[in-house]
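Structure record follows, encoded as structure tokens.
The values are calculated or read from the model by the stated rules, or taken from the named source; none is laboratory data. Since we're looking at a predicted model, the values are computed, not measured. In this analysis, Cβ positions are derived from the backbone assuming ideal geometry, glycine residues included, and neighbour counts consider all displayed protein chains. Note: areas computed on protein heavy atoms with side chains; ligands, DNA, RNA excluded. Shrake-Rupley method; radii C 1.70, N 1.55, O 1.52, S 1.80 Å.
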Amino acid sequence: MAQDYYATLGVGRDATPEEIKKAYRKLARQLHPDVNDAPDASERFKEVTLAYEVLSDPSKRSMFDRGGDPMSSGGGFGGGAQGFNFDDIMDAFFGQNAQRGPRPRQQRGQDALLRLNVDLAEAAFGVTHEIKVDTAVTCTTCDGSGAANGSQPETCRTCHGHGDVQHVQRSLLGDIRTSRPCPTCHGFGTVIPDPCPECAGEGRVRSRRSLSVTIPAGVDQGTRIQLTGEGEVGPGGGPAGDLYLEINVARHPMFQRKGDQLFCQVTVPMTAAALGTQMDLPTLEADVPDSDEADRTVLLDVAPGTQSGDTITIKGHGVPRLRGSGRGDLKVQVIVETPSRLDDEQRALLEQLAALRDEQRPDALIGANHKGVFGKIKDAFK
């Protein structure tokens, strides 16, 4: 017997096919002439390839186990003209065989991305939008087959339906066989002699369609909504991909949003801030046409002595939470307005007030911890 194929691969006689393949992959990666320049690497590579050819074939392995040599009749490496398949070498280096056989004409379509503009109230409370989508849809003339009426795909005469063709190349290692996609049918195994005139054999056409989309309450800038099966129809009328809607929220003239909280500013006169006051503050519901009238305003209670930059929190008047229950808060920043134009009577009253409070020449409040109006506003937005 020329060689012990089990010993060549370093496996036992009870090795499973998977263990044999794993051992061959390891040795082939080590001994291939392209990566190993040792003098005996090429010869050893031939030996392990020959051993794998025998032990990976159940009939050849059975003959060898009975004491015969299934390769002796061929003479030389790989059984002479029989050679070996180059796909097994690629399997050793890349871990898996290339796809063999015809590939289906029907393939999954690509996903699509569409940006949808909404206003802040729509993002907060949800809305249903009618959108126009330009995507590939199944050709109604051929129902996705790609063939004209009365015709159908035929078996490719070049590859006889296999989808690939074999190429044999002689080398120092013997006859190396490789598989390539058939140039005639492009790997499908069939050809369409009479393509559909509407889709030119693609099985799909581009079309604009309307789609009703429900935007859930609480979405924010950049939120993506997945619509399964609403993307591009695949070649050959294959299943459609998904459509993703990316939300773009327009700026609001009054409110700013951060997470589930809303922020706004109100300006009150100096006297109102000093004495305290109450006012009706518009809420985000005021932008919703069918909202309850009572929800369109909320009472803002400005406590006496409120300073410019102070923040008043109104619970439960922010944005509904996208995942969960309840709503965030509305945070109102108070800006105290100092009068810039006074008539004589107003000036006299203020001078009288300053005298009563001994504030004609007040001491300046200077210190590192005194933030002032702008510092308070900045902190409130953090």
Taking only protein heavy atoms and a 1.4 Å probe, what accessible area per residue, in Å², does the stretch 207-351 have with all protein chains in place?
56 Å²
Report the residues of the stretch 1-32 in range of a label on T178: point 7 Å along Cα→C-beta, backbone N strictly under 19 Å from it.
29, 32
Label points 7 Å out from Cα along the Cβ direction at T158 and M270: separation in nm?
9.0 nm
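Give me the percent of DSSP beta bridges within the stretch 258-371 that run antiparallel, rounded to the nearest 5. Mind showing how you got there, number by number?
Values: 12 of 20 bridges.
Taking every DSSP beta bridge with both residues in the stretch 258-371, the antiparallel ones total about 60 percent.
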What ³J(HN,Hα) values, in whole Hz, does the Karplus curve 6.51 cos²θ - 1.76 cosθ + 1.60 give for the stretch 135-152 when θ = phi - 60°, with x put for Gly and Pro?
9, 7, 10, 4, 5, 7, 6, 10, 6, x, 6, x, 9, 5, 4, x, 10, 8
Between D194 and D14, what length comes free when the chain is fully extended (0.36 nm per residue of separation minus the Cα-Cα distance, one decimal in nm)?
59.3 nm
Size of the stretch 160-272 as Cα extents on the principal axes (Å, biggest first)
99, 45, 17
Could you work out what % of the accessible surface of the stretch 219-323 is carbon and sulfur, using a 1.4 angstrom probe and leaving DNA, RNA and ligands out of the count?
49 percent
A correct Karplus calculation of ³J(HN,Hα) over the stretch 115-128, with 6.51 cos²θ - 1.76 cosθ + 1.60, θ = phi - 60°, whole Hz and x for Gly and Pro, returns 8, 10, 8, 9, 8, 5, 5, 5, 5, 6, 9, x, 6, 10
Taking amide H atoms as placed 1.01 Å from N in the peptide plane, list the residues 5 or more away in sequence, or in a different chain, whose amide H sits under 5 Å from that of V319.
Q261, L262, G328, D329
